[in-house]
1. Suppose R0 equals 25 Å. What FRET efficiency, 1/(1 + (r/R0)^6) with r the Cβ-Cβ distance, do residue 61 and residue 38 give to the nearest 0.05?
2. Which distance in nm do the two modelled labels at residue 30 and residue 6 give, with both placed 7 Å along the Cα-to-Cβ direction?
């Protein structure tokens, strides 16, 4: 047995293990980043008061349109 050959084989195996571990760690990082981006886009904050205000304004606008224009009112109701 050649000691240099054994040393080279052990060195190559160690390097292979290091590269495999690095690849797994990198893959875990990428998955964590993707999860963070996905959850950030899903969990956007919404101002409930603003949504209620918009709903009230739309309701008032619809009431005005329905009272002034019978044809538009029919379109809004059945459109």
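Every number here is computed from the coordinates shown, using simple stated rules; none is lab data. Only a predicted model underlies this, so the values are computations on that prediction, with no experimental measurement involved. A quick note on method: Cβ atoms are made from the backbone with ideal geometry, for glycine too, and the neighbour counts reach across all protein chains shown.
1. Working: r = 36 Å, r/R0 = 1.44.
So the FRET efficiency works out to roughly 0.10.
2. According to this spin-label approximation, the distance is 3.9 nm.
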